[in-house]
Amino acid sequence: MIRATHHFPKGFLWGTATSSHQVEGDNRSNDWWAWEAEPGKILGGHRSGMACDWWGGRWEEDLDRAADAGQNAHRLSVEWSRIEQEPGRWDPAALDFYEQIVQGALDRGLTPVVSLHHFSNPVWFLDQGGWTKPGSVEHFDRFTAKVVERLKDKVGLWVTINEPNVYAYNAYSSGLFPPGEEDLQKTILVMANMTRAHAAAYRTIHAIQPEAMVGMAHHYRGMRPAHPKNPLDRLVAGLRSSAFNDPIPGVLRDGIFRILWHRKRIPEARGTQDFFGLNYYTEEEVAFSPNHPTELFGQGGFPAQADLSSTGFIANEPLGFWRALNWAHGFRLPIYVTENGAEDPYGGFRPRYLAGHIRQLWRATNLSWQVCGYFHWTLVDNFEWERGWSQRWGLWALDPEIQLRTKRPGADFYAEICRENGLSTDMVARYAPEALPQLFPVDDPGQLAAGASF
Ligand code: FCB
């Protein structure tokens, strides 16, 4: 067997990503808490409950785990509904809590990346119409100023809003997130308002902390035609991808918000990203389907031979990650992979997913692109939105009832990657031997000829 190590650039950030509602527990003042209590909203009737009990202090032991596992960064989010439980009433204890976590990260050698919004909203905010109202921009801006004033000496990397496309679509089209509406006009409006809120927050952060780096975390879902020779499949795959992936990064680049038939100028959004945050999980195939008008006449799915995660939620598509990185690079900004990972309760899938994706990430670092960091989703199993506890994304397993953490095999693999700042054949041979022939195919020239995935 050949031996090789793929080295990453010096100073590369290696971490995991979490979000407040998913890990803190006892988040009673946000829209999710009430939503979870409604029958039928969460798979299996699950509740976030104590989640990973970060609010109760277990963030300390989890950040110890991250640091002991060789990570040098952590992405977390602050919970708006704790900091501003009622409009204009700020809770200094909640701000203290986040300052402690961020300091705790720094003390452990973890560079903090802080998201200001990650899906959950204060109840009062949603009651006022949430992101469908123009007032949302000012509310979010005021909240941003409060947080940044407090954390500016400790945090240099800010994500304003996590996955506005996923949020808008799930809350206002598919109805999976609160408030559970199915209204395309509102979906578009929410994306536009989140864009405006981001632009305002971008300026506010820079006014308070000129040297800060500010971006968004963009969810990119790869979409390729099910039958590349079929022009209708090509058409709908392109249409769906451009409606889902492109509008928000596009308006942040040039100030024009384009989605389907809709075109609107939001000039204040132009040039309001210092880095590009990329969340990538999978790529799907799209086939033309006259029966799916609301899904733009396309039906997404995974091919029969796909390597699927435990619940079939994602397929292991490392080349889709490569395409996603190419797409992100099109915006000509430094790139941070703000999320990537797999749901895998037993631990047999994550290592080969990780190996393939880190390999593609390495390819990108070898070009003249600035790829600066990677945040694996996630550190410890946490509350997975409408899918409750049915999906397990952690490097560590969690039994939420007794708060017991158990390391999965992927944790040691990722730790070696972080410590080495690289990926070697030796690591792949030990943790994901099944991926070795595909990732390092030079032993057998026949495989190269057969078109192995680089
Ligand atoms: C992303 C979300 C994150 C988590 C992962 C699995 O879309 O940002 O909170 O749910 O998916």
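The residues of segment 161-230 have, on average, 35 Å² of accessible surface per residue, using a 1.4 Å probe with all protein chains present.
Under the criterion of Cα pairs below 8 Å and six or more residues apart, the relative contact order for the chain equals 18 percent. The residues packed around Gln360, meaning those with a beta-carbon under 14 Å from its beta-carbon, carry a net charge of +2 if Lys and Arg are +1 and Asp and Glu are -1. For segment 84-151, the fraction of 1.4 Å probe accessible surface lying on carbon and sulfur atoms is 48 percent.
Ordering of 301-312, 147-158, 221-232 by packing is 147-158, 221-232, 301-312, highest average first (other Cβ atoms within 10 Å, averaged per residue). Under 5 Å from the amide H of Tyr374 lie the amide H atoms of Leu13, Trp14, Gly15, Val337, each residue being 5 or more positions distant or on a separate chain, with H modelled from the backbone and absent for Pro and chain starts. Karplus-derived 3J(HN,Hα) values for segment 295-311, using 6.51 cos²θ - 1.76 cosθ + 1.60 with θ = phi - 60°, are 9, 6, 6, x, 10, x, x, 10, x, 4, 8, 4, 8, 8, 6, 3, 9 Hz; glycine and proline are entered as x. Screening the chain for DSSP H helices whose Cα atoms reach 15 Å or more along their own axis and whose mean Kyte hydropathy is at least -0.5 gives 92-107, 135-151, 184-208, 231-244, 318-329, 409-420. A simple count of charges around Ala145, restricted to other residues whose Cβ falls under 14 Å of its Cβ and scoring Lys, Arg +1 and Asp, Glu -1, yields +1.
A cut-off under 10 angstrom between Cβ atoms defines the neighbours of Glu339, and their net charge, with Lys, Arg +1 and Asp, Glu -1, is 0.
Applying the criteria of a DSSP loop state and at most 14 other Cβ atoms within 10 Å to the chymotrypsin sites (Phe, Trp or Tyr not before Pro) of segment 342-396 yields Tyr346. At 222 nm, what value in deg cm²/dmol follows for the chain if DSSP H runs of at least 4 each add -39500 (n - 2.57) and the sum is divided by all its residues, to the nearest 500? Roughly -11500 deg cm²/dmol at 222 nm, from the helical runs in the chain.
The values are calculated or read from the model by the stated rules, or taken from the named source; none is laboratory data. Since we're looking at a predicted model, the values are computed, not measured. Backbone-built Cβ (ideal geometry, glycine too); neighbour counts: all protein chains shown. Surface accessibility is based on the protein's heavy atoms, side chains included, excluding ligands, DNA and RNA. Shrake-Rupley method; radii C 1.70, N 1.55, O 1.52, S 1.80 Å.
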